[in-house]
1. Under a 5 Å amide H to amide H cut-off, with H placed in plane at 1.01 Å, what residues pair with GLU72 once short-range neighbours are removed?
2. Run the dipole for segment 87-213 about the Cα centre, Lys and Arg Cβ at +1, Asp and Glu Cβ at -1, nothing else charged, and hand back the magnitude in debye, nearest 20.
3. What pairs from LYS152/LYS213; LYS25/LYS152; LYS152/LYS191; LYS6/LYS75; LYS114/LYS213 go past 31 Å between their alpha carbons?
4. So what's the angle, to the nearest 10 degrees on a 0 to 90 scale, between helix 30-48 and the longest Cα principal axis of the chain?
5. Towards the positive end of the charge dipole of the chain, with charges on Cβ (+1 Lys, Arg; -1 Asp, Glu), say which of ILE59, VAL145, ALA26 has the farthest Cα.
6. Taking all pairs of distinct Cα atoms, average 1/r, flip it, and tell me the Kirkwood hydrodynamic radius of segment 29-97 in Å to one decimal place.
7. Any chance you could run the full-extension gain for ASP109 through HIS3? It's 0.36 nm times the residue separation minus the Cα-Cα distance, nm to one decimal.
8. Looking at the P(r) of segment 117-213, how many percent of alpha-carbon pairs lie beyond 23 Å?
Amino acid sequence: MSHTDKHLTVVEHPLVQHKLTLMRKADASTASFRRLLREISLLLAYEVTRDLPVTMTEIDTPMQPMQAPVIEGKKLALISILRAGNGLLDGILELIPSARVGFVGLYRDPETLKPVEYYFKVPGGLDERLTIAVDPMLATGNSSVAAIDMLKKNGAKDIIFLCLLAAPEGVARMKEAHPDVPIVTAALDEKLDDHGYIVPGLGDAGDRIFGTK
Ligand code: URA
């Protein structure tokens, strides 16, 4: 169901692959693109949270008291890399409503082509949380690497990067800069084009989620 090496997990579940195919289609409407992204994010959340720690709590079933496992949602930080990250964030939050949430905003300086921070707000105590950074597209990897740098500067130690599509170039860049950060993705595409877009890809994820152009 998933192809995994230590650094990269490709979630090959048929439901994920089917929904991704529908999202890739150029004629998918904004509404269906958004709905599919929400559905796929639920499935990716299942994969990315499979090693979350659980703690035991006392409950009463109709039959008798028992000790039962619950996720320590407060120990989890979800970090959306703006703006397309919000499309993945929403579905995961539906599954884990008590997760803490942060945002990282970066834009590319047109002169230097380097990522520049314009917004950064994350929960406290990142050093004690599993931190899941979400961005649908891992393309050049420049903004992902910069976002992870910022999270580490703020104490994050246990980080997973979750995306929808990854390019080999971005995976290599992340592996070089942050070998300790595993990547979970629905697909590893062929390459980047001359403008840094993933091909075959799905176009500009932010534009497709928000209906901008
Ligand atoms: N960002 C996108 O939205 N799409 C790409 O193909 C690459 C980066």
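1. THR55
2. The calculated dipole for segment 87-213 is roughly 300 debye.
3. From the list (LYS152/LYS213; LYS25/LYS152; LYS152/LYS191; LYS6/LYS75; LYS114/LYS213), the Cα-Cα distance tops 31 Å for LYS152/LYS213; LYS25/LYS152.
4. 50
5. Checking the options against the dipole of the chain, the answer is ALA26.
6. Kirkwood radius, segment 29-97: 14.0 Å.
7. 34.6 nm
8. Working: 1230 of 4656 pairs.
When all Cα pairs of segment 117-213 are counted, 26 percent exceed 23 Å.
Read-outs throughout are calculated quantities, based only on the coordinates presented, and are distinct from any laboratory measurement. What you are looking at is a predicted structure, and each value in this text was computed from that prediction instead of being measured. Methodologically, a virtual Cβ is constructed for each residue, glycine included, from the backbone with ideal geometry; neighbour enumeration extends over all protein chains shown.
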